[in-house]
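> I'd like to ask you about the structure that follows.
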2 protein chains.
Amino acid sequence: MKPWKRIDELDTWQSLQNRKAEVLAKVLNPGRVAERTIPAGGGLDYSYAAMDADEATLAELGTMAVALDLPGQYRAVATGEVMNPGERRMVLHHIARGTPCGPVIKDGRDYRAFYESEQARANAFAEKVRSGALKGTTGRRFERVVQIGIGGSDLGPRALYLALEQWARERGRLSLRASFISNVDPDDANGVLSGLEPETSLFILVSKSGTTQETLANESLVKVWLSKAGMNPSKHLIAVTSESSPLARNPGYLDSFYIDDYIGGRYSATSAVGGVILSIALGTDTFKAILDGAAEADRLALEPDLRKNAAMMDAMLGIFERDILGRPSVAVLPYSQALSRFPAHLQQLDMESNGKRVDRQGNAVRVPSGPAVFGEPGTNGQHSFFQLLHQSTDIIPLQFIGFRKNQTGFDPEFEGSTARRKLNANLTAQIVAFAVGKDDIDPNKCFPGGRPSTLLVGDELDPSALGALLAHYENKVMFQGFAWNINSFDQEGVQLGKKLTSTVLAKDGPSDPLLGAYARLLGAL
Amino acid sequence: MKPWKRIDELDTWQSLQNRKAEVLAKVLNPGRVAERTIPAGGGLDYSYAAMDADEATLAELGTMAVALDLPGQYRAVATGEVMNPGERRMVLHHIARGTPCGPVIKDGRDYRAFYESEQARANAFAEKVRSGALKGTTGRRFERVVQIGIGGSDLGPRALYLALEQWARERGRLSLRASFISNVDPDDANGVLSGLEPETSLFILVSKSGTTQETLANESLVKVWLSKAGMNPSKHLIAVTSESSPLARNPGYLDSFYIDDYIGGRYSATSAVGGVILSIALGTDTFKAILDGAAEADRLALEPDLRKNAAMMDAMLGIFERDILGRPSVAVLPYSQALSRFPAHLQQLDMESNGKRVDRQGNAVRVPSGPAVFGEPGTNGQHSFFQLLHQSTDIIPLQFIGFRKNQTGFDPEFEGSTARRKLNANLTAQIVAFAVGKDDIDPNKCFPGGRPSTLLVGDELDPSALGALLAHYENKVMFQGFAWNINSFDQEGVQLGKKLTSTVLAKDGPSDPLLGAYARLLGAL
């Protein structure tokens, strides 16, 4: 790996310090909305008209993106260089959905061919489940599919499933409803199982290493539940794992589908981690369309000109907000109930990737790195935390997502407009209210404005748009990691907790008295 | 209302500026865990041992709490003074569950008696639904109850329902499952309705004013859905509203239950807004126990000594983190899957209450006010955003919640321990890892520690503990608002968006070209 620079090591960094937030009330107008809207793939457009960076700032950010060789670093990822230096691994999630820079062949393996062949096996398996050809212990067809996984094996696939559940139902493609068990809290598994019949339930165990504590504990609970009901667990379980894991080629599972160490958990939704359950629940065509949308966004992200590269623009504007304007959080606000869990996925994607304090050379990062990310769907958020977003002492940059059409057809008019039109009128109003604000003689009714936002907008939240949306954010986070010279693909910050947990669970309890004190308080001994 | 001071107007404010974060690795020990744990009601304990405020800081915060008369301001709330000055209203959510400072009688109305009588009517109605005495259009008993509401009419009641759904199921108290429709996005209502039968569905329309746009649009959609299926909507709908609303005493509803202007939306979970649906779904005894737990926490919050008042301590420590140590966000991390939506409720409660920039006298607040609040259940968060919490350039104070026992009984041992023990061993480990950290020769594997946290811990998440948990946070947020001299009970920040939305939805569209440009981009004309 080349000794890439951090953004604050560039000569232009000092001049960027002098850039101020543009006064949006003065500059935001219809012309700017038209000029600052660019394609993001899958039919989506990315609009950054309401971001408070002026033309000179954009020019400077563009120069810095070139100086940092952001597109080149992405090409290094996409061609299979070792871009996860801490773990000495390639980073191949793009290859799970395409070959933006051609094939990646190492040590005799063509990775695109490998991921495709696993998805082809998953497709064949999914068709057997959907058609009813594959049956459970008692000969009944499967009606529910349940993913057992945590972190990236849960958040991304769950967000994508929920994003398309109603879409697929309306189009007759929802053959099996999906559920998810993630938390080691047994109330999670018991809650999900209370709505299932053992006979008709198929479980997907997802763990790359095959050693994830929570996932194995939940598998064990589910197996006891199946056995107690007279089922043969091996007829109700499949695995998604790596070829070297104890779950691979194991007679305890109907089948196993493989990923490898080059697909990080939070980047795995377009691999078999998402592919198996989504193909079973929503159909193989649906998952294929997600991949195609993601691949289109990946191709667009190769564009070297910042003003034509939505993911890179989003990344650089985010760094301007975080490091220059000093804004430590980002709110993701999809005006789409189907995206209810998409912010939780982005929270992992962004915060686990860029919540770091040393760069790829092991030096302390000298500027703030990844922001805190949170969000809920609109209009719900308007009746909740938007108060703070509008009138707080702090400014939180906003990322809106919207669609022109519903997923479902039933939308009777009420008081002169459909609910869809009301929804999008609200989104329109919020963008403008945040940017422009409003004066009032009563200071409590005064809106300062100057709250910047971006907008990702498409016709409909269909599989292709969803795939592009997912990839847009993956690529944005990747570009930000490059700019901070952070390794966005490891997560050493999870290790200490794991180690201390083992100490608490050791036969004689923890020798450390502090761990002992908290373990006693929590009844964990 | 008295001219109360802002915390930064106190003489002691300057000396507080000199207080530094305590180095937790040096001071956190079992003795401190024992000393810094105090009761919070409902069987909960509040532990602030792992907060990085030293004894001198605590003493200073205690002095400031007295100087600001925080307990006195709470007594003013609880005795019916006009403590929502902007809207010139009393603030009576405490009275919905008790009389911490005696009865509140104004203009001939005894408010405790009024709220109790509404809950008694709700109880009688709930029993008729649960017993099957009340039936729908076709004579079948109701099997599902659906709340139509948004903001406080959705988040609090939904969080409480989910918190006790499995608890009630295991104890045979879950007579009807509950669902919630909130978003004006019609994909929300259509998604919920796809899992319901019109004949057996009872809807609760919740809107204090009776004019909430989203809620009325969803009611309209639900009524069309009921009518299309041959149902008489008025036999499937009840209302929770104010006595002066168009929904009150309206023949379109089976019955109406009343709240008033003195119960703010985000504080309404213990009023009929939460009481009707929770009593129907989980039983009247269950809701009564929630109220009793909340009332106990309310009584404890009257304690003038900071070191004996969990809610006030939590409030003052939060201000120390926010204003002195400069930490703008808080993460709420319940180690309980049942609390999956509790952070979303707290997000509204806190951010809508204290995300303000002018004080109660209309002056600009000169210190940062309410923080951004987000969170997800553990252990899930450990596999997601905890990376940033452990190793980021920023420090985010943490609020853990844990319980010693499961809600559900099925918890087979796996690899030598139950899942419950694994869950709480993880929580133990995280508190210590965040506070103490760990050195490593590899800077990427180094944990700086110094990440402060609080812990609310109880035996079991039962109705009483849940009520206390809810009230603890309500009171914490209230005390913080007092300290910042903010009106925590209004939400003027939601008004501008509403107004601009009407403009977009006007017959000829918006006259403002900027609104027009965004409305066109979003297809909202």
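> Could you list B:R421, B:R140, A:R89 so that the one with the fewest beta carbons within 10 Å of its beta carbon is first and the one with the most is last?
Fewest to most other Cβ atoms nearby, the residues stand as B:R140, A:R89, B:R421.
> A 20 angstrom limit on the alpha carbon distance is what I want to check against. Which of B:K308/B:K476; A:K106/A:K288; A:K438/B:K507; B:K135/B:K235; A:K507/B:K438 exceed it?
Listed pairs above 20 Å: A:K106/A:K288; A:K438/B:K507; A:K507/B:K438.
> Oh, and also: Per residue of B:43-49, how many C-beta atoms from partner chains lie within 10 Å of its own C-beta, taken as a mean?
For this peptide, the per-residue mean of nearby foreign Cβ atoms is 1.
> Give the residue from B:A433, B:V365, B:L28 lying farthest towards the positive end of the charge dipole for the protein assembly as shown; charges sit on Cβ (+1 for Lys and Arg, -1 for Asp and Glu) and the dipole is referred to the Cα centre.
Projecting each Cα onto the dipole axis, the largest value belongs to B:A433.
> While we're here: Place the label 7 angstrom along Cα→C-beta at B:A25 and in each other copy, then list the distances from the first to the rest in nm, shortest first.
4.8
> Considering every residue in A:504-515, what mean count of other chain Cβ atoms within 10 Å of its Cβ is obtained?
5
> Here is a follow-up. Considering only the label points, 7 Å along Cα→Cβ from Cα, what distances in nm to one decimal separate B:K2 from the same position in each other copy, shortest first?
The projected label point of B:K2 is separated from its counterparts by 6.6 nm.
> Can you give the mean number of other chain Cβ atoms that lie within 10 Å of the Cβ atoms in peptide B:443-450?
Taking the mean over all residues of the peptide, I get 5.
> Mind computing the radius of gyration and Dmax over the alpha-carbon atoms of region B:417-525? Å is fine for both.
Values for region B:417-525 (Cα only, Rg and Dmax): 24.8, 68 Å.
> Here's something else I'd like to know. By Cβ position, which chain A residue lies least far from the axis that rotates chain A onto chain B, and what is the distance to the nearest whole angstrom?
Smallest Cβ distance to the axis, with its residue: A:F374, 2.
> Using helices alone, I'd like the mean residue ellipticity at 222 nm for the protein assembly as shown: each DSSP H run of four-plus residues gives -39500 (n - 2.57), total over residue count, nearest 500.
Computed ellipticity for the protein assembly as shown at 222 nm equals -12500 deg cm²/dmol.
> Could you rank the peptides A:228-235, B:183-190 by their average count of other C-beta atoms within 10 Å per residue, with the highest value first?
B:183-190, A:228-235
> For region B:203-211, just list the computed ³J(HN,Hα) in residue order, Karplus coefficients 6.51, -1.76 and 1.60, θ = phi - 60°, integers in Hz, with x standing in for Gly and Pro.
Once θ is set to phi - 60°, the couplings for region B:203-211 become 10, 10, 8, 10, 7, 4, 7, x, 10 Hz.
> Let me ask another. With charges set only on the Cβ (+1 for Lys and Arg, -1 for Asp and Glu), what does the dipole of chain B come to about its Cα centre, in debye to the nearest 20?
880
> So, one more: Rounded to the nearest whole Å³, what is the per residue volume of the convex hull around the Cα atoms of region A:105-289?
In region A:105-289, the Cα hull volume divided by residue count equals 108 Å³.
> Once you have all Cα-Cα distances for the protein assembly as shown, histogram them in 10 Å bins from zero and send the whole-percent values.
Reading upward from the zero bin: 2, 11, 21, 26, 23, 13, 3, 0, 0.
> Further, regarding this structure: Give me the percent relative contact order of region A:413-524, please, defined on Cα pairs under 8 angstrom at least 6 residues apart.
10
> While we're looking at this one, here's another question. Label-to-label distances across copies for B:S502, with labels 7 Å out along Cα→Cβ, in nm, shortest first?
So the label point of B:S502 gives 6.4 nm to the other copies.
> At q = 0.05, 0.07, 0.08, 0.09 Å⁻¹, what base-10 log of I(q)/I(0) does the Debye formula yield for chain B when every alpha carbon is treated as an equal point scatterer in vacuo?
-0.21, -0.41, -0.54, -0.68
> Quick one: A:L134, B:L306, fewest Cβ neighbours within 10 Å first, how do they rank?
By the 10 Å Cβ count, ascending, the order reads A:L134, B:L306.
> With just the Cα atoms defining each centre, how far is region B:157-194 from region A:66-123? Give it in Å.
42
> Is there a quick way to get the dipole size of the protein assembly as shown? I mean about its Cα centre, with the Cβ of Lys and Arg at +1 and of Asp and Glu at -1; what is the value in debye to the nearest 20?
The calculation lands at about 1480 debye.
> Within a 10 angstrom radius of the beta carbon, how do B:V494, B:V373 rank from fewest other beta carbons to most?
B:V494, B:V373
> Follow-up. Ranked from highest to lowest mean number of other Cβ atoms within 10 Å per residue, what is the order of the peptides A:333-342, A:74-83?
My ranking of the peptides, most packed first, is A:333-342, A:74-83.
> Relative to the Cα centre, what is the charge dipole magnitude of region B:105-289, using +1 at the beta carbon of each Lys and Arg, -1 at the beta carbon of each Asp and Glu, and rounding to the nearest 20 debye?
Dipole about the Cα centre, nearest 20: 540 debye.
> Could the peptides A:125-133, A:218-226 be put in order, highest first, of the mean number of other beta-carbon atoms found within 10 Å of their residues?
A:218-226, A:125-133
Quick note: the coordinates plus some simple rules give every number you see, no bench work behind them. In this text the structure is predicted, and so the values were computed from the model without any measurement. Quick reminder, even Gly has a Cβ in these numbers, built from the backbone with ideal geometry, and neighbours come from all protein chains shown.
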